[in-house]
Amino acid sequence: MRVGVLALQGAFREHIVMLEALEVAAVAVRLPNQLDDLDGLIIPGGESTAIGKLMESYEFFEPIAGRHAEGMAVWGTCAGAILVAKRVLDGVTGQRSLGLMDIAVRRNAFGRQVDSFEVDLDFAHLHGEDYRGVFIRAPWIEEVGAGAEVLARHEGAIVAAREGNMLATVFHPELTGDPRIHRYFIEDVIPT
Ligand code: GLN
C-alpha cells in the first residue's frame with residue numbers, strides 16, 4: 001500500500017511521520033504524476049486558499065479527481081477538508097475546491113468563538129478511549145449528504161465525516177501522536 005500526502009503547503013511532514021510509524025509507504029506528493037500509483041491521498045491542514053492556489057499552479061485538480069474516480073481514497077484534514085468538499089461556506093471569492101465529498105464546510109467556523117483549542121472527541125469506530133482533537137482555526141462541517149456518515153461532533157458541530165472512500169476531519173490527527181485515525185483511514189477507508 002502506498003499513501004501520498006499532498007506536500008504543497010501546511011502540515012504534510014507530520015502525516016508522513018504518522019504513516020511511516022504505521023509502516024505504510026508514504027510519499028510527499030509535489031507533482032501530479034506522483035498520484036499514479038497511490039491507494040490513498042491525504043490533503044493536509046494549512047491554509048486552504050494557499051493550497052488551492054498551488055494546486056491550480058501545479059495542475060492538481062483534474063488529476064486528483066481522476067485518480068479518485070479510479071478508486072484512490074482521499075482524506076482531507078482541516079484545510080484539506082475544505083478542499084475535498086462540494087460546498088465551501090465563508091470561502092474567499094472564487095475559492096476552488098475539488099468538490100468530491102458531499103459535505104458543506106464552513107471556513108474558520110470555530111474561530112468566531114475561539115481560535116484554537118483541544119478537546120476529547122467520541123469518534124465512531126475507534127477502539128479504546130476518546131480521541132484528542134487539536135483544532136487550529138478549524139472549519140466545521142455544516143451539512144453532510146445522504147451518503148455520508150457523521151463520525152464525530154463537538155458541541156453539536158460535525159467535525160469528522162466519511163463518505164465511501166473519502167474521509168474529512170476538521171482537526172489535526174497528525175499532531176497528537178495517536179495513530180488511530182490514520183489506522184482507520186488505512187484499514188477501513190482505503191478499499192482493499
Ligand atoms: N483556516 C484554515 C483555512 O481556511 C484552515 C486551518 C487549518 O488547516 N489548520 O484554510
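What follows is calculated from the coordinates using simple rules that are stated; it is not laboratory data. If you're wondering where the values come from, they're calculated on a predicted model, not measured in any experiment. Note that each Cβ is placed from the backbone with ideal geometry, even for glycine, and that neighbours are counted across all protein chains shown.
Structural remarks
- Of all residues in segment 69-87 being more than 9 Å from the ligand (Cβ to nearest atom) and crowded, with 21+ Cβ neighbours inside 10 Å, the one that is farthest from Arg107 (Cα to Cα): Met72
- Residues that are surrounded by 14 or more Cβ atoms within 10 Å (Cβ to Cβ) and out of contact with any Leu (no Cβ under 8 Å at 6 or more places or on another chain), drawn from segment 119-133: Val119, Leu121, Leu126
For (1) within 20 Å of Ile181 (Cβ to Cβ); (2) charged (D, E, K, R); (3) buried (at least 18 other Cβ atoms within 10 Å of the Cβ), each residue gets a yes or a no:
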site: Glu20; (1), (2), (3): yes, yes, no
site: Ala26; (1), (2), (3): yes, no, yes
site: Gln34; (1), (2), (3): no, no, no
site: Asp37; (1), (2), (3): no, yes, no
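- Reported count of residues in segment 138-160, each being within 16 Å of the ligand (Cβ to nearest atom), of a type in the set (Gly, Ala, Ser) and in a strand (DSSP E or B), is 2.
- Per this entry, Ile136 is counted among residues that are surrounded by 15 or more Cβ atoms within 10 Å (Cβ to Cβ) and farther than 15 Å from Ile158 by Cα.
- Hits in segment 39-66 (condition: closer than 16 Å to Gly99 by Cα, within 16 Å of the chain's Cα centre (by Cα), more than 16 Å from the ligand (Cβ to nearest atom) and surrounded by fewer than 22 Cβ atoms within 10 Å (Cβ to Cβ)): Phe61, Ala65
- Subset of segment 90-132 (residues that are in contact with a helix residue (DSSP H, G or I) (Cβ under 8 Å, 6 or more places away or on another chain) and either farther than 25 Å from Ala146 by Cα or within 12 Å of the ligand (Cβ to nearest atom) (or both)): Gly91, Val92, Gln95, Ser97, Val105, Arg107, Phe117, His127, Gly128, Tyr131
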